[in-house]
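Please read the structure below before turning to the comments.
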Amino acid sequence: MSTTAFVTCDLLDDHPDLALQVVTPCLDGKFFKSYGARKSFAGQIVTVKCFEDNSRVKELLATDGTGKVLVVDGGASMRCALMGDMIAESAVKNHWNGVIIYGCVRDVDAIAELDLGVHALAAIPQKSNRKGLGEVDIDLHFGGVVFKSGEYVYADNNGIVLSQQNLLAQ
């Protein structure tokens, strides 16, 4: 699914009959920025909710992520990063298509060189805690949408679109 070219605008135009969801900016103006070398990415959603603790992010990205995108609800915390270069390198090694973080990343120059889609709200050099906290495969609510494990996400520089089905299936 990661090699099929797409533009989120076109996905919306081509599928007016589907109930596609579009992630909207926060009221305070925060919106996702692209940090990875892969500027458009898509895949089946895997969710994790963790606040200032990237233990579960590290664990999940160390597993096979073929055809998947990890969506992380970090509570929009601006105090620490939930992913840096080493965890991002693990994601590439394990074939993840991308990571969307409702929070921060770090090591952005290194991440920019990796063949991985990465969207996050901001960058900060402070690392997170690791206490083993976090919930996996739960519904996440942010950006005016609901991210559900098993559904599909499409991200590019235009924005982020969600679908209950794979829009890129041949």
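Values in this text are rule-based calculations from the coordinates and carry no lab data. Since this is a predicted model, take the numbers as computed values, not measurements. Neighbour counts are summed over all protein chains in view; Cβ atoms, including those assigned to glycine, are modelled from backbone coordinates with ideal geometry.
Would you kindly identify the strands (runs of 3 or more DSSP E) lying entirely within the range 83-170 that contain at least 3 residues that are surrounded by 15 or more Cβ atoms within 10 Å (Cβ to Cβ)? So that I can check it myself, show each step before the final result.
Details: elements: 98-105, 117-123, 140-142, 145-147, 152-156, 159-163.
Where strands (runs of 3 or more DSSP E) fall fully within the range 83-170 and carry at least 3 residues being surrounded by 15 or more Cβ atoms within 10 Å (Cβ to Cβ), they are 98-105, 117-123, 152-156, 159-163.
Looking at Leu60, is it farther than 20 Å from Phe6 by Cα, in a helix (DSSP H, G or I), touching a residue at least 40 places away in the same chain (Cβ under 8 Å) and of a type outside the set (Ser, Thr, Tyr)?
When the stated conditions are applied, Leu60 passes them.
With touching a Ser or Thr at 6+ places or on another chain (Cβ under 9 Å), surrounded by fewer than 17 Cβ atoms within 10 Å (Cβ to Cβ), in contact (Cβ under 8 Å) with a residue 12 or more places away in the chain and not in a helix (DSSP H, G or I) as the only criterion, which of Ala5, Ala37 stands out? Before you say what the answer is, go through the steps one by one.
Details: Ala37 fails: touching a Ser or Thr at 6+ places or on another chain (Cβ under 9 Å).
None of the others qualify; the one that does is Ala5.
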Please identify the pairs in which a residue from the range 148-170 that is more than 16 Å from Leu18 (Cα to Cα) has its Cβ atom under 7 Å from the Cβ atom of a residue that is basic (Lys, Arg), counting only partners at least 6 apart or on another chain.
-> Asp156/Lys39; Asn157/Lys39
Scan the range 62-102 residue by residue and report those that are in contact with a Ser or Thr (Cβ under 7 Å, 6 or more places away or on another chain), over 21 Å from Leu121 (Cβ atoms) and of a type in the set (A, V, I, L, M).
-> Ala62
